[in-house]
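Note sheet for the following structure.
Each value in this text was obtained by applying a stated rule to the coordinates, not by laboratory testing. Computed from a predicted model, the values in this text were never measured in an experiment. So basically every Cβ, Gly included, is an ideal-geometry build from the backbone, and we count neighbours across all protein chains shown.
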């Protein structure tokens, strides 16, 4: 009996450091944010006061919020499937026996290593009208000048391209590891049965990669709401908020407008969105995945 | 000269010895870097020089990133209870800093006649953004205006007088038409003129509005006039540069790559800050000129750049020491040297009479254009809840420039938003 108590205490003591960190830097801020979102922001002539759902009402009437949210959904839709598909494709390729494999793997992984701010600055010049890299290439085949970051139609698309480029290599690494853990016996068996390449992929490779796909998907979803560094460098949310994403807007409200109450309310939306996505992914998808 | 130095040194030592801070007062000082060049090294050097002349005072310069990062850091530090003693922040942050109750006006420190003369020595154009409600909250330090740079070679190619920049709006459009080149398939290989519109388009827009003889806000910072007919007209002119006249590339033009467009000869004239002067001087491989912005109904430009602010949570000794430091660093010789090193406009008239500056301007007359334009300069847009009220205008400008709204609709929407925000400050 005494031993069991000691074991319990021992166990909790081992958990304590992590639990303290988690409580101090994750749970407490989340609860404090929720609390703050019901208060108005303090101004010199009127201190912070309980304002109920005012911040949320303001949000419902704020066109920039709705635009940032819509932009963010398009951004997620544009980045997640493409970067995952691309990662899978690249992993399949560099997993095969080909010359210069190590170099290719490195090349695909480099974007992940570079800091986003530096990357964004490089891409800024790629997208430059008239003499940017992209313009020089499209100019060769006679496409007229484009103003990639300067027009409402293309600006968000450009940011999606940068993000996919940045992320795909990172996801590739996970797929590569997963590929190498699939037993060759399965492929040999399939070969004996005379299965075609597509069948092999559909019935063996893809299902066995599912745990990795879920992990990558969770990361991709989180990143689509979390990556805003390139917006600061490339567009600052412009033209006219067409590239403003939710987190970037939160940053603006919190650290440019100094409206802590409203920023807290916006943060709650982000939190609920991400929590919802996590529940969906782990609760629903995970049950349909084959783990060994 | 040597004798004068020694006398000055002796006097300074005597003064320092007789005052409170002999035991050692430290003033921390946040500064941003917004232009190219070894700014951090220059600032550290200035602090060391000051300490040498003023034993007992320690100056601790802290590089704090861009202007935007600096205000975030300063206000966060202020909320945490440990702000810097002084900081260089945008002149337009004045109302924000007052509303956050973070700063004190310099007035209470200014008691003697030399002190009063010192405040009066700055160009009045720079003081517009530094004073409100009869008090002086900011001391001009690194200030700028918008100017027009033009490529003399491209002017010559187009059959224009390379030494005559456009003086009016219609001249600018005429010249720009001659300077715009299209290839056989209709692609433009060279644009006439470029006014950047990313990030902070309001600043360049203030050039157009001032030239159209209208101001954007009242002196108290509690009201904007975004939907004034003359403002809408000014925006119409900007939009028409690409839409009607076809001399400027359409859409939003990136601020950061505009100088590069100019170096690459993709554009013959550009509007940008005087702060880029040193950059253009180093990187333009052709003969270029610097001119005042062209006149509409009058000439005009906004000022821009950073002021010294004094934070409230400081001791009386620190405030005394801070005043001493700021007076020292804005003395005519130092203001001149700072202007030459960075490209900013030296902030006081007598700095331009120093031998150092006279010699510099003789070799590089373009440097004096910004000074000469100051008589037409107005305060940069700044109100209470500044960033939000400014964003309303920025969004409207970008909406009009990308063709999503007419100038009139865009400015009406911007004004409605600004009104909503500013109502609380008017009573």
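Annotations for the structure displayed:
- Highest-fluctuation residue, B:114, B:294, B:105 considered, GNM on chain B with Cα pairs under 10 Å: B:114
- Computed over the protein assembly as shown, the P(r) curve from all C-alpha pair distances, binned at 10 Å from the origin, holds 3, 12, 20, 22, 19, 13, 7, 3, 1, 0, 0 percent per bin.
- Comparing Cα centroids, the stretch B:203-281 and the stretch A:53-106 end up 35 angstrom apart.
- Bridges between two residues of chain B, per DSSP, are antiparallel at a rate of about 65%.
- Cβ neighbours within 10 Å from other chains - mean over B:319-326: 0
- Look at the stretch B:179-188: the mean tally of other chain Cβ atoms within 10 Å of its residues' Cβ atoms is 2.
- Highest-MSF residue in chain A out of A:164, A:221, A:272 [GNM, Cα springs under 10 Å]: A:272
- Here the Gaussian network model covers chain B, with springs between Cα atoms less than 10 Å apart; of B:279, B:129, B:187, B:187 fluctuates the most.
- DSSP-defined beta bridges in the protein assembly as shown - what % are antiparallel, rounded to 5: 65 percent
- Residue order, fewest to most beta carbons within 10 Å, for A:182, A:80: A:182, A:80
- Residues residue A:46 and residue B:51, FRET efficiency given R0 of 41 Å [Cβ-Cβ distance, rounded to 0.05]: 0.40
- The relative contact order of chain A, computed from alpha carbon pairs under 8 Å that lie at least 6 residues apart in sequence, is 28 percent.
- The alpha-carbon positions of chain B define a convex hull whose volume is 141 Å³ per residue.
- Spin-label proximity, residue A:191 to the stretch A:86-100 - amide N less than 20 Å from point 7 Å beyond Cα toward beta carbon: A:92-99
- Each residue, residue B:76 and residue B:420, gets one label point 7 Å from its Cα in the Cβ direction; the gap between the two is 2.9 nm.
- Taking the C-alpha atoms only, the angle from helix B:67-79 to the longest principal axis of chain B is near 40 degrees.
- Anisotropy class of the stretch B:21-133 from Cα gyration tensor, a/c 1.5 cut: rounded
- Cβ neighbours within 10 Å from other chains - mean over A:32-43: 1
- Modelled this way, with points 7 Å down the Cα-to-C-beta line, the labels at residue A:61 and residue A:85 are 4.3 nm from one another.
- Taking the inverse of the mean 1/r over every pair of distinct Cα atoms in the stretch A:54-288 gives a Kirkwood hydrodynamic radius of 20.0 Å.
- The equivalent ellipsoid of the stretch B:164-255 has semi-axes of 28, 14, 11 Å, largest first, where each one is the square root of 5 times an eigenvalue of the Cα gyration tensor.
- Of interest is the spacing of the C-alpha centroids, which for the stretch B:300-346 and the stretch A:16-34 amounts to 43 Å.
- Computed from Cα positions, the angle between helix B:39-53 and the longest principal axis of chain B comes to roughly 30 degrees.
- Taking the stretch A:71-90 and a reference point 7 angstrom along Cα→Cβ of residue A:215, the backbone N atoms nearer than 18 Å belong to A:84-90.
- For the pair residue B:219 and residue A:113, a Förster radius of 51 Å applied to the C-beta separation gives a FRET efficiency near 0.45, rounded to the nearest 0.05.
- Residues B:286, A:65, B:205, sorted so that the one with the fewest Cβ neighbours within 10 Å comes first: B:286, A:65, B:205
- Projected label distance in nm at residue A:97 and residue A:5, using a 7 Å step from Cα toward the beta-carbon: 6.5 nm
- Each of A:10, B:384 has some number of other Cβ atoms within 10 Å of its Cβ, and from fewest to most they run A:10, B:384.
- The alpha carbon centroids of the stretch B:127-197 and the stretch A:115-147 are separated by 24 Å.
- Chain B: angle of helix B:201-211 to the longest principal axis, Cα-based, in degrees nearest 10: 80 degrees
- Principal axes of the stretch A:216-263: Cα extent on each, largest first, Å: 35, 26, 15
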